[in-house]
Structure formats: C-alpha cells, structure tokens
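The values are calculated or read from the model by the stated rules, or taken from the named source; none is laboratory data. Treat the numbers as computed from the prediction; the structure is a model and nothing was measured. Positions of Cβ are generated from backbone atoms using ideal geometry, with glycine treated the same way; all protein chains shown enter the neighbour counts.
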Number of protein chains: 2
Amino acid sequence: MAAPPDALAERVRAGDARAIARAISAIEDAEHGDGAALVGALFPQTGRAYLVGVTGVPGGGKSTLVDQLIATIRSAGLKVAVLAVDPTSPFSGGAVLGDRVRMNRHAADAGVFVRSMATRGHLGGLSRTTGDAALVLDAAGFDVVLIETVGVGQDEVEVAQTADATVVVMVPGTGDDVQAMKAGIMEIADVFVANKADREGIDRLVQSIEAALSLQPPSDGGWTPPVLKTEATTGQGVPELWETLCRFRDRSEALRAARRHARALARIRALAGELLFARLEQALPPDAFARAAADVVARKRDPYRAAQDLLA
Amino acid sequence: MAAPPDALAERVRAGDARAIARAISAIEDAEHGDGAALVGALFPQTGRAYLVGVTGVPGGGKSTLVDQLIATIRSAGLKVAVLAVDPTSPFSGGAVLGDRVRMNRHAADAGVFVRSMATRGHLGGLSRTTGDAALVLDAAGFDVVLIETVGVGQDEVEVAQTADATVVVMVPGTGDDVQAMKAGIMEIADVFVANKADREGIDRLVQSIEAALSLQPPSDGGWTPPVLKTEATTGQGVPELWETLCRFRDRSEALRAARRHARALARIRALAGELLFARLEQALPPDAFARAAADVVARKRDPYRAAQDLLA
C-alpha cells in the first residue's frame, strides 16, 4: 500500500471515489493479511450498508437487471455501489469488448460506484477480497452494495453468501431452472427473479421454481423466497424487486444478526487458517513442501502421510 | 468406513466394481483425513492412469462428447472411468430427470465405470474428493479417467487442474468463446474443442479461440493448444480428439513430471492446512470461534484482529 492505511481510511470515510478505488486495489493486491490494517481502520464504521448478492447463470440478464436496480435505488435517494465478480458481466469484463455502454448513464452520478473484482489468480481468495471490498464501500457511506456473481461455481456461491440477501436470477427456456436446483442454488436464494418475463415459458419457470420451493424445508423465520417476474430490458418489475428486498431487510432483527454471525464466523475461520499456514511455512525449510511433493510423485509417500510428516 | 481400508483396497485393486463404488463413497463421506488410510493403501499402485479433465459452460454438449470419447477409448482396447462433477451433467444430476439414457449403452461394459461426485456441502473439498476418487480408479486399473466439470466457477477450474490434460469445450453462437477467455479458461486448456461443428458460427469460434491463443505467452514445452472441431451428437471429430490427447500425453516426460509435481504440491499444502486447522480447533475452547464472531458482529474487533487473537 502506497498511502498509510489510516490516511487512506480517512479519505474513504469521506467518500472520496479515488481513495475508495485505491483501497479496493490495495485489498485485491494484498497477500493474505496485508489488507488487515486498512480493514481494521475502517471496521468500526461498517455494518450499515445493505449487501445484496445477485447471482445466476450467464446470459440471464443479470447485468441489465443490476443496472435497472441502480436506477431504482437512486430514485429512493440512496447511494449504491456495485462489485462485479462475474467474469461474464459487462461491468467486470466488458471493458474489453467496449460493452460498458449501459453503465455510462450512471458515470456522472457520484451516488453510484461500480467496481469489477479480479477473478483470476485468486483461487479461494475471491470471497475474502469481495467481502473486504464491501467493507470499504460500507465505510464510505454507500447504503446498498450489489455484489454480482455467476451462480454456477461453488466459489461464486460462497461470494453470494457474504451478502445480507441473495437474489437468484433465472430465465425461461434454457433449462436454467433445473440446473440451478441441482447446483444447490435453491438453498441460497432469498428472492427469485424470473427474468425475461416477455419470453415464452415464463409461467412454467415460475411454477417449477415454486414447485421446487415447496419441497424445501421451511426457511429460517418463515421467510419463503418470493418468485418475481421482471423484464430487465424495460425495467418492468424492478421496483417490486427492490420493495421485496427492503421487506426482506426489515424482517426480524434476530434473523439478520444470525446471518451476520455466520458470516463473521466463516471469515474468522478462513483467516485463522491462512495465518496458521503462513506460520507453518515460516517454520519449515524453504524446500520442505517441494521435497514432500517429489516423494509423492515418486510414490514414496501418499499425500496424507506427507502432510502429516510436515506437521510433525 | 464399514470395511477395513486394507480389505477394501485389495478388492479395488482387483477391479471389483462394487468395491470401487464403496471406496469412492467412503472418500466422499469422510471428514478431512478420514480417507487417508484408504488412499495410503492404494497409493503405491497409482500414477498409471491418464487423467483427462473435460470442462466448459453448461449446454456445450460436454456429456455427449464424453459419451463418444468413452466409445473411442474402448475401441482402442482401454478401460475408461468417468467422474462427473458437473451439476448440469446427465451423468451426475440427470438421474433425477431420467436423462441417463445416453449412458445406458455402456452399462453392460465392465471396462466402463461412471460415477457422479456429490457437489453440495463440500465447499472447497471438491477437488480433494475428486482427486482421491481418481486415485481409486487409477489403482483399480482404469487406463483413462475422464473428469467432467463445468468451467465457470473457480472451484471447477481447480478440479480440472487435478488432471494430466484439460479439454475445454465451446460452442458457437452463445458468446461462450468470449466468456471462457475472460474466466481464465484460456490458461488451463491443453486442447480446445469447438463442438456443434454443424452450427453457424463454428469458423468464427475457431478463429476467435486461435486469435486469443496467439496473444498468450508460449505455453510450456512449446505445446500450442490445438483447436479441434467436433460434432458430439454424431461422433465426428472424436477419434481425432483422442489422438490429440494421446499426442499430448506422449510429449516430453519432463513436462508431465512438472505438472504432477505441481499437483502433488497443491494437494499437500491443502492437506497440511486442514490438519493444522483441526489441531487449532482442538486446542481452543469449543466456543472460541463463536465468541470471536460475536465480537466482530458487534464491531468490537475486526476479523483480522479476531483471527490473530485466536492464534495467540
């Protein structure tokens, strides 16, 4: 980090867009633990933003929906930030394709901040960096942080789970409904969106989601995920989606606290694991892992034995 | 595990299909480390099978291609196993839909073994269980193990990386080409397949892959991933795909050893991390993590500080 964490944190708290961007970059670039000082400085000012995950398979119109949600949230007088961790999103990867067109209408609006998260070279670390980036935006005073992910890989599901609420977007006629149910997405959705409501098959999609929901055990606190129809291209149904999200947010405080506790627990466990591992690496000779790997390749030891020996 | 690991290992080595299925179930059900005895017993007999990952976005015809590959590999007189970790594959999830039709033609063939891997509740553990299941099949004498995954999530990319060779399947006209390039799939492919070669846009797809490849740094050992056209439904191009995979396998021994070394290294690191963490949990009071999480939710400590305190 070029700037000292406290000075940068100060400017983030003031809502300085360049400082926010730099803080997120610092978090992305940091090896495990190096973003700790910055997060530590900002942490007391966090916990206010509403973190909303938006996930679904590619081609479901998620990005257009997020764009419309931005407009709806701004109309309500709230500041909104987007973290795009979807490699197929025009927000994250679209710059390459000149596909950033849709976002341009918010470009001059200081109440909107859009940031793509690097998706390569961060195996397993994506949920940490996204979670910490959301903390930066939270401390900077954004009322809502939209986290856009692709809901196919488990890593992305994990990212979605860092949110207070998760919206799962599906479209008719692609078999997405069935795929999503199989991929375990039914369990993580707080709100379902059946997008492209003008398409044939929309009612069948809604029915199949509702049928799948009826097979689920009752969710916590009696919240049954509603299934909303939207047409992201026209914005139809988007205000209702935002209303539903507000209703979900305002449900029992106890349930919200339980979810935040689970999230904190997962974060602490992951960080403790990383710190422990870093200590092990420091304690061992530099080539210890490479020598163990050579033994495994030569079939002298199996990987479990090799790992146990390293800890001995 | 019901049977003692050594007895089960003995039957796996003899190629007993029921024992193989039970061994993989034991690995899937095991908490971290509990499959260690079984893997340890089988490990000296492994390292012979050719592990081939087949990945790509949903709807690309991967499963049909895998089915055709089975037939081609059988024609060459080799035994082949499939591990389906793709939640959208008829091999793994299709039983629910009665979509197992295509596999039936291999059902009576003892030289073919098909197994779906559980994809839920195993966040982060999927590459370990898949890797260990591949060891079981390797020890059981299968010459080729096909590992079918969805190449969108990073977890699936990681699974694909446990293989000796990775085939990335794309189809024209869906924007998959661009998506895949953005998702970091370019870096992991050893062979590209442009499937549905009868479709419009196939040549544009091949060209865009080749264009993207030309921007890549030269790959190790001078292997440039070839781009093959296939029509999985008719089997066209599949023998050429298998030939290409054999050619890739027969390239320099040094390169293959390097890849196997990297894989062993990753496995040992992950296992050592799990073992360390299990020790930490045993050493701490049972509610230590929960108390730390409560502090984080209350903004008394940030997650980094909480993790450090637990290790102190």
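Within the stretch A:27-39, can you find the residues that are of a type outside the set (Gly, Ala, Ser), outside any loop (DSSP other than H, G, I, E, B) and surrounded by fewer than 22 Cβ atoms within 10 Å (Cβ to Cβ)? First the steps, then the outcome.
If we filter the stretch A:27-39 for residues that are of a type outside the set (Gly, Ala, Ser), which is where we start, we get A:27-29, A:31-32, A:34, A:38-39.
Now narrow it down to the ones that are outside any loop (DSSP other than H, G, I, E, B): A:27-29, A:38-39.
Matches in the stretch A:27-39: A:Glu28, A:Asp29.
Within the stretch B:280-312, the set of residues being within 7 Å of chain A (Cβ to nearest Cβ) and farther than 17 Å from A:Ala258 by Cα comprises B:Leu280, B:Asp302, B:Tyr304, B:Arg305, B:Ala306, B:Ala307, B:Gln308, B:Leu310, B:Leu311.
Among the residues making up the stretch A:43-57, those that are closer than 18 Å to A:Arg259 by Cα and of a type in the set (Gly, Ala, Ser) are A:Gly47, A:Ala49, A:Gly53.
The set of residues from the stretch A:165-214 being surrounded by fewer than 20 Cβ atoms within 10 Å (Cβ to Cβ), at pLDDT 85 or above and assigned to a loop (DSSP other than H, G, I, E, B) comprises A:Asp198, A:Arg199, A:Glu200, A:Gly201.
Being modelled with pLDDT under 95 and on the phi > 0 side of the Ramachandran plot is a property that does not hold for B:Gly273.
If you check A:Ala258 against the conditions, is it more than 9 Å from every other protein chain (Cβ to nearest Cβ), farther than 30 Å from A:Thr64 by Cβ and touching an Asp or Glu at 6+ places or on another chain (Cβ under 8 Å)? Judged against the criteria, A:Ala258 is a match.
Just one of the listed residues (A:Leu42, A:Leu51) is assigned to a helix (DSSP H, G or I) and either among the aromatic types (Phe, Trp, Tyr) or crowded, with 21+ Cβ neighbours inside 10 Å (or both), and it is A:Leu42. Considering the conditions (1) more than 7 Å from every other protein chain (Cβ to nearest Cβ); (2) at pLDDT 95 or above, A:Glu253 is excluded by exactly one of them, (2).
Residue-wise test of (1) at positive phi; (2) exposed (fewer than 14 other Cβ atoms within 10 Å of the Cβ); (3) without any contact (Cβ under 8 Å) to a residue 60 or more places away in the chain.
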position	(1), (2), (3)
A:Lys229	no, no, yes
A:Pro239	no, no, no
A:Glu243	no, yes, yes
A:Ala258	no, no, yes
A:His261	no, no, yes
A:Arg267	no, no, no
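Residue under question is A:Ile209, and the condition is that it be hydrophobic (A, V, I, L, M, F, W, C), touching a Lys or Arg at 6+ places or on another chain (Cβ under 7 Å) and in the same structural domain as A:Ser127 (by TED's automatic domain parsing); does it hold? Answer is no for this residue. Of all residues in the stretch B:101-119, those being within 14 Å of chain A (Cβ to nearest Cβ), at pLDDT below 80 and touching a helix residue (DSSP H, G or I) at 6+ places or on another chain (Cβ under 6 Å) number 1.
None of B:Thr46, B:Thr55 is under 29 Å from B:Phe248 (Cβ atoms), assigned by TED's automatic domain parsing to the domain that holds B:Met170 and at pLDDT below 90 except B:Thr55.
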